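The values are calculated or read from the model by the stated rules, or taken from the named source; none is laboratory data. The shown structure was predicted, so the numbers you read here are calculated from the model rather than taken from an experiment. With ideal geometry, Cβ positions are generated from the backbone for all residues, glycine too; neighbour counts draw on all protein chains shown.
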């Protein structure tokens with residue numbers, strides 16, 4: 001579970017209290033030493049390095065987590081060239097680096113003890129800094145740069161999936177790489193359907209917006225109006241629709257141990273999902289006072305759609321979101337039926353003898369729902385972006401409201417079903433799971449949309465970052 005382990009390591013890095021200060025020479029020496037160790041790509045030597053050079057609390061994490069992080073970083077970069085020191089803040093040093101595989105910039109942050117032997121207490125990856133003097137490119141130059149970049153990733157078997165970078169609704173670059181089914185060596189094509197993970201939370205959100213437009217739901221409606229006893233009667237009165245949309249309702253994650261033990265085939269409808277979620281739900285905090293990403297919250301919105309519309313979730317979304325956008329290749333497919341042109345998801349497992357692939361067929365849901373797990377193509381998602389911005393699904397005022405962060409609800413980086421940074425420069429959503437890595441960014445007011453869909457876990461992140469840097473260079477003043 002690459003993305004989860006990477007996140008865990010970075011969170012640990014951020015959570016350790018910083019020391020009073022660090023000697024730049026000592027910190028830089030230790031950080032460069034770590035990069036040199038990454039560049040070896042040798043798991044056994046890194047295991048020894050962890051034992052001898054990591055501080056106790058960090059060192060004593062399960063060794064497999066350290067090795068997984070190490071192997072995934074090496075696999076996606078093939079090592080790094082250090083280009084300088086970005087910053088030294090307390091005991092945290094960040095080096096600017098370039099990937100040996102693609103030449104793309106990034107950063108490696110290393111937290112170090114403030115006294116000898118300066119053992120490592122945390123590590124993490126950082127995004128590249130904005131370019132100081134970005135070069136504007138023609139559409140043809142962008143396409144050539146993206147093709148060269150994608151070919152490096154594909155040839156190294158780091159990426160499998162489809163990529164689309166568009167301006168004003170028209171592709172500037174698009175491509176398909178890798179395989180949709182490794183058992184039969186079936187290649188990905190541009191119309192291959194990929195699992196979206198959490199991306200289709202956007203569809204659930206816009207379905208709610210449609211119901212608001214129809215006067216059947218309001219943002220202030222209590223959950224009790226639709227589900228009087230979820231998760232219990234008292235909590236249902238406190239939770240409002242706006243809390244569910246912004247992940248501030250205090251609900252949990254849905255994918256619990258109980259879910260993991262259930263037969264996937266028995267969970268197909270929103271009612272099936274709600275019944276399972278209710279067994280493990282209680283409020284984690286008072287609605288509107290904190291933020292916690294919640295699959296359960298989005299699932300509950302799916303039930304609100306059913307109660308208020310009188311239709312099942314899947315039919316309502318198809319008629320009111322997908323069809324108005326012209327999305328003919330998108331849906332929450334039941335995976336034990338015949339569904340043409342679906343990519344199988346794969347997760348890399350790193351061993352001392354090399355990389356092995358494991359599919360996600362038995363790890364994921366039988367059918368996606370309001371919280372995620374449906375399928376689409378890059379082309380259909382571009383249609384969604386275009387229709388949304390044009391007000392063809394719901395009015396533009398509602399689109400602006402839903403795609404803007406909600407700090408007043410303790411949600412500074414998330415709107416109503418859309419990821420949205422505080423500066424309002426873009427909106428969209430990502431999706432990740434074993435064998436799933438998807439993302440769409442709509443760069444507000446610029447005409448640019450960037451979409452990546454991958455059937456390799458974690459593989460879309462580098463591609464999304466690359467497209468974001470290109471857009472930044474094209475829109476810089």
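Numbers for the structure displayed
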item	result
One residue from 187, 228 being at pLDDT 95 or above, in contact with a strand residue (DSSP E or B) (Cβ under 9 Å, 6 or more places away or on another chain) and surrounded by fewer than 24 Cβ atoms within 10 Å (Cβ to Cβ)	187
Out of 136, 216, 210, 201, sole residue that is assigned by TED's automatic domain parsing to the domain that holds residue 368 and surrounded by fewer than 20 Cβ atoms within 10 Å (Cβ to Cβ)	216
Pair list, Cβ < 7 Å and 6+ apart or interchain, from segment 32-44 residues that are over 18 Å from residue 355 (Cβ atoms) and not assigned by TED's automatic domain parsing to the domain that holds residue 81 to residues that are surrounded by 15 or more Cβ atoms within 10 Å (Cβ to Cβ) and modelled with pLDDT under 95	none
Qualifying residue in segment 380-391 (condition: at pLDDT 95 or above, part of a loop (DSSP other than H, G, I, E, B) and over 30 Å from residue 276 (Cα atoms))	yes
Count of segment 412-434 residues which are assigned to a loop (DSSP other than H, G, I, E, B) and touching a strand residue (DSSP E or B) at 6+ places or on another chain (Cβ under 9 Å)	10
Residues being surrounded by 17 or more Cβ atoms within 10 Å (Cβ to Cβ) and free of Cβ contacts under 8 Å to residues at least 24 places away in the same chain - total across segment 100-131	1
Residue list for segment 435-455, restricted to those being buried (at least 24 other Cβ atoms within 10 Å of the Cβ) and either outside any strand (DSSP E or B) or not assigned by TED's automatic domain parsing to the domain that holds residue 368 (or both)	435, 455
Selection within segment 314-328 - assigned to a loop (DSSP other than H, G, I, E, B) and either free of Cβ contacts under 8 Å to residues at least 24 places away in the same chain or buried (at least 19 other Cβ atoms within 10 Å of the Cβ) (or both)	327
Test result for residue 458, part of a loop (DSSP other than H, G, I, E, B), in contact (Cβ under 8 Å) with a residue 40 or more places away in the chain and either out of contact with any helix residue (DSSP H, G or I) (no Cβ under 6 Å at 6 or more places or on another chain) or buried (at least 24 other Cβ atoms within 10 Å of the Cβ) (or both)	yes
1 or more residues at pLDDT below 95 and over 29 Å from the mean Cα position of the chain (by Cα): qualifying helices (runs of 4 or more DSSP H) within segment 34-120	56-59
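One line per residue, one yes/no per condition, for (1) farther than 30 Å from residue 159 by Cα; (2) crowded, with 21+ Cβ neighbours inside 10 Å; (3) in contact (Cβ under 8 Å) with a residue 24 or more places away in the chain:
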position	(1), (2), (3)
297	yes, yes, yes
312	yes, no, yes
332	no, yes, yes
341	no, no, yes
